[in-house]
Structures are given as structure tokens and as C-alpha cells.
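Everything on this sheet refers to the single structure shown next.
What follows is calculated from the coordinates using simple rules that are stated; it is not laboratory data. Note that the structure is predicted; figures quoted are calculated from it, not measured. As a convention, Cβ positions derive from the backbone with ideal geometry for all residues, glycine included, and neighbour counts pool all protein chains shown.
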Amino acid sequence: MWRSLGLALALCFLPYGGTESQGENFICKQPPDWSIRDQNPMQNSHGSVTVVALLQKLLILLNHFLNFSPKYFRLEDLRIKLEKEGYSNISYIVVNHQGISSQLKYIHLKNKVSDHIPVYQQEENQKDVWTLLNGYKDDFLIYDRCGHLVYHLGLPYSFLTFPYVEDAIKIAYCEDRCGNCSFRVFFSIIFTGRKEEIF
């Protein structure tokens, strides 16, 4: 219990919710409008905590040489772990890099995650989603049920071998860091029968 509390407190003291690449002005704000082809993933995720991962497929040889499991494997493990712990109604979104080499590896990236985690490939001529989100490779952006950015975690905090991403998701799920959210009140009434916060 004390270990979890300590980790949650450490996460709270991270600059701007966990990354130096993210300005304070972005926290607790709605994300900029972005879409890929005719789909707007953020619009479809209102009412649930949303995890946006900015990932790209690395060379298999590099992964083997560095002897680590890529984030897309660990993200699926994290999704399953949280679901087993009762954290339901969480949306996971992976946005692939816009570069040509990343586009060529899109199918490989998509095949490495389950059907529960959609992988979006940006088109070459569209506005770069990573730039719109002020993000970089391996960043995780955690949004509350009303679509407010609660945490933007960059390296090294976004390594899934560390607890920061998991703790950030749990905080976004259980706490009301960005003020009142109508989806949160609705969620509370449906699952508890009372208008109160869920922990």
C-alpha cells in the first residue's frame, strides 16, 4: 500500500504531469482536433479514460540486440492487467509515426497489438498528429472521461517497465484532477447509484 502511495505521489511531483516536452498550458485542456482519414479517435472515446501512445515499429534486430520487449507488447499486457483489476472502459489508441519508414512498418505494428488497441497510420499529406499533440516517440498521453489531458508522459517515464504510465491511468480513472466532468458524474451514478466519486 505504501509503495503504491509513494509512486502516486512521485508521479504527482513530475513536471507538468510527467514530461518536459509538454507545456503546463496543455494540462487539463481538450486536445487539438485531429483525425486520420475520416476517423476522429478522440471524439469516439468521450466517456472513457483514453490512453494515446505515440509508437513506431523498431527493427526486430535492434529489439533483439537491446534485449527488451517493445512497448506495443507491454501495452497489451498493461491493458489486460488493468482490466483484471477492474479498470474497465479505458480506450487505447496507438498513432504510428508519419515518416515513410514507419508507414512501411505499419502492418507489422498493427499485428503486434490485439484488436482491442486500434493502430492509426497517418497519411503523408496530413498535419502530423505527433506535432499537433506536442509529442515525441514513445510518449503516452492520458485523457480523462471528458477528454482533458491529465498526463503527458515522455521518456524515461513512459517506459512500461516503470509504473508511471499505469499509475497515471489509474489516477485519471479514479481522481478528478481537472475539475468536474459530466461523464464522471454519469459514470458514478450508473455504477454506484449515487452522485459521488469512484475510487
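Some observations on this one:
- Cross-link pairs Lys29/Lys110; Lys84/Lys170; Lys29/Lys170; Lys81/Lys112; Lys29/Lys137 - those with Cα-Cα distance over 23 Å: Lys29/Lys110
- Potential lengthening of the chain between Asn44 and Asp128 amounts to 28.3 nm, from the contour at 0.36 nm per residue minus the alpha-carbon distance.
- DSSP-loop trypsin sites (Lys or Arg not before Pro) across region 93-141, with at most 16 other Cβ within 10 angstrom: Lys127, Lys137
- With a Förster radius of 22 Å applied to the beta-carbon distance between Lys84 and His116, the computed FRET efficiency rounds to 0.95.
- DSSP-assigned coil residues among trypsin sites (Lys or Arg not before Pro) in region 25-57, each with at most 13 further Cβ atoms within 10 Å: Lys29, Arg37
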